[in-house]
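Below is one structure, written out as structure tokens; comments come after it.
Here, each number is a calculation from the coordinates, and none is a lab measurement. Because the structure is a prediction, the values reported are computed rather than measured. Quick reminder, even Gly has a Cβ in these numbers, built from the backbone with ideal geometry, and neighbours come from all protein chains shown.
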Amino acid sequence: MQTLGFLLLMFLGGIAVAVQPSINGRLAQKIGAVETATISFAIGTLALLVVALGVDRGRIRGLAEARTWELTGGFSSPSS
């Protein structure tokens, strides 16, 4: 049963990857490319936060112990 769940997740992920450019393109026509990228990253960030909190392996609590410079890696992620 677990294998079927993983196959379903892969299938849905493939659909999401296929339709995301069309959805973002339509939104960009209405609000602009930079604004669309901002919305896309914000929603993706919220979704990832929900997953990270749901998995909760205790590692997210270590964020408070991270040094400031260790948190700056996110500045390069939109360009990579």
Pick out which of 49, 27, 63 has the largest mean-square fluctuation in a Gaussian network model of the chain, springs linking Cα atoms closer than 10 Å. 63
Nearest-20 debye value, the chain charge dipole, Cβ charges on Lys, Arg, Asp, Glu: 60
If each of residue 63 and residue 38 carries a label point 7 Å out from its Cα toward its Cβ, how far apart are those two points in nm? 2.2
What list of ³J(HN,Hα) couplings, whole Hz, do you get for segment 2-18 from phi and the Karplus terms 6.51, -1.76, 1.60, once you set θ to phi - 60° and write x for glycine and proline? 5, 4, 4, x, 5, 5, 5, 4, 5, 4, 5, x, x, 5, 4, 5, 6
Taking r as the C-beta separation of residue 75 and residue 23 and R0 as 30 Å, the FRET efficiency to the nearest 0.05 is 0.70
